[in-house]
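**Student:** One structure follows; several queries about it will come next.
The values are calculated or read from the model by the stated rules, or taken from the named source; none is laboratory data. Bear in mind the structure is a predicted one, so any value in this text is a computation, not a measurement. Quick reminder, even Gly has a Cβ in these numbers, built from the backbone with ideal geometry, and neighbours come from all protein chains shown. Heavy atoms of the whole protein, side chains included, go into the accessibility calculation; ligands, DNA and RNA do not. Shrake-Rupley method; radii C 1.70, N 1.55, O 1.52, S 1.80 Å.
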Amino acid sequence: ASRHKDLEVFDIFRDDEGRLPLEDAKRLVLKNMRILEVQGYTSSKDGCQSIITDIARDIFNQREHRLNRKRELTRLRRTKTDLLKKQTYMLDQLEKYRQYTLQCLANMNKAGNNKRVHFATLQDDRNDRKGRKVRNKSALKYSATKLYDKGVLYTIEGLPPSQMKNVQFVFLPLEEEGHFQISARFMGVDMESVKIDIQDLLKLQYEGVSVTDMFGKAKINVNLLLYFLNSKFYGR
């Protein structure tokens, strides 16, 4: 590239003010040709035949280059169209799967209304007229030790295994299908609470994620948590 530093490489037929006069353009071409000849790229003895040959070859190949570009653009457009169709199809399938899952949850809940699942109400954990504590019968309470033994719970950050017996998890189904509120208590004191959606757990399962965080501290087995929720709230 350094050998071409003396060449005036620009559109020789146009300057800052517009198109160059023909004589000026000829002079610039001849100037650059002399530079190329000094560098050994061409020779005036044969009428700069090497340059003429290169220009002719480039002109000859231009048509083939244009055809190749046209074929490539056609192929890319076809690929884009196919991908958009595939995207539309997959989104449609995803929506059908979502509706199917929601319907299954609704059916399971309807079938099990007399068993386990009773949605949370505004009276949960409030006192009745006689001052007695009103508790929602659907809430399930499990100690961290039991969840650990079942494989649902792996670890709780900052908590030694010997203290897991003092931690209690409360699982409460919400009115929206497939949604649960999970609370954590330490020695009877409410510490953390989070809402989860079975759809999110199914998505993690589909993506191959086996462990997820809960409360930012507890490591939970996704597959076994799904099994636990299904068996406890939708099982017969």
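**Student:** Looking at Lys165, is it at pLDDT below 90 and closer than 30 Å to Gln103 by Cα?
**Tutor:** It is false that Lys165 is at pLDDT below 90 and closer than 30 Å to Gln103 by Cα.
**Student:** What's the total number of residues in the stretch 129-144 that are in contact with a strand residue (DSSP E or B) (Cβ under 8 Å, 6 or more places away or on another chain) and either modelled with pLDDT under 80 or farther than 12 Å from Ala218 by Cα (or both)?
**Tutor:** Matching residues across the stretch 129-144 total 9.
**Student:** Does Leu105 qualify as being in a helix (DSSP H, G or I), closer than 19 Å to Phe171 by Cβ and at pLDDT 60 or above?
**Tutor:** Yes.
**Student:** Run down Arg3, Arg57, Arg27 and say which single residue is at pLDDT below 80, open to solvent by 70 Å² or more (accessible area, probe 1.4 Å) and part of a helix (DSSP H, G or I).
**Tutor:** Of Arg3, Arg57, Arg27, the one residue that is at pLDDT below 80, open to solvent by 70 Å² or more (accessible area, probe 1.4 Å) and part of a helix (DSSP H, G or I) is Arg3.
**Student:** Open to solvent by 90 Å² or more (accessible area, probe 1.4 Å) and at pLDDT 75 or above, is that true of Leu94?
**Tutor:** Values: open to solvent by 90 Å² or more (accessible area, probe 1.4 Å): yes; at pLDDT 75 or above: yes.
When the stated conditions are applied, Leu94 passes them.
**Student:** Within the stretch 226-236, how many residues turn out to be at pLDDT below 85 and surrounded by fewer than 18 Cβ atoms within 10 Å (Cβ to Cβ)?
**Tutor:** Final tally of qualifying residues: 5.
**Student:** Against the definition (open to solvent by less than 40 Å² (accessible area, probe 1.4 Å) and outside any strand (DSSP E or B)), how does Leu147 come out, yes or no? Don't jump to the end; show me each part of the working.
**Tutor:** Details: open to solvent by less than 40 Å² (accessible area, probe 1.4 Å): yes; outside any strand (DSSP E or B): yes.
Criteria met by Leu147.
**Student:** For the stretch 118-125, indicate whether the set of residues that are open to solvent by 100 Å² or more (accessible area, probe 1.4 Å), at pLDDT below 50 and out of contact with any Leu (no Cβ under 7 Å at 6 or more places or on another chain) is non-empty. So that I can check it myself, show each step before the final result.
**Tutor:** Taking the stretch 118-125 first, the residues open to solvent by 100 Å² or more (accessible area, probe 1.4 Å) are 122-123.
Among the residues that remain, those that are also at pLDDT below 50 are: 122-123.
Next, only the ones that are out of contact with any Leu (no Cβ under 7 Å at 6 or more places or on another chain) stay: 122-123.
Within the stretch 118-125, one or more residues are open to solvent by 100 Å² or more (accessible area, probe 1.4 Å), at pLDDT below 50 and out of contact with any Leu (no Cβ under 7 Å at 6 or more places or on another chain).
**Student:** For the stretch 182-225, give me the residue count where each residue is part of a loop (DSSP other than H, G, I, E, B), farther than 16 Å from Ala144 by Cα and open to solvent by 70 Å² or more (accessible area, probe 1.4 Å).
**Tutor:** Selection size over the stretch 182-225: 1.
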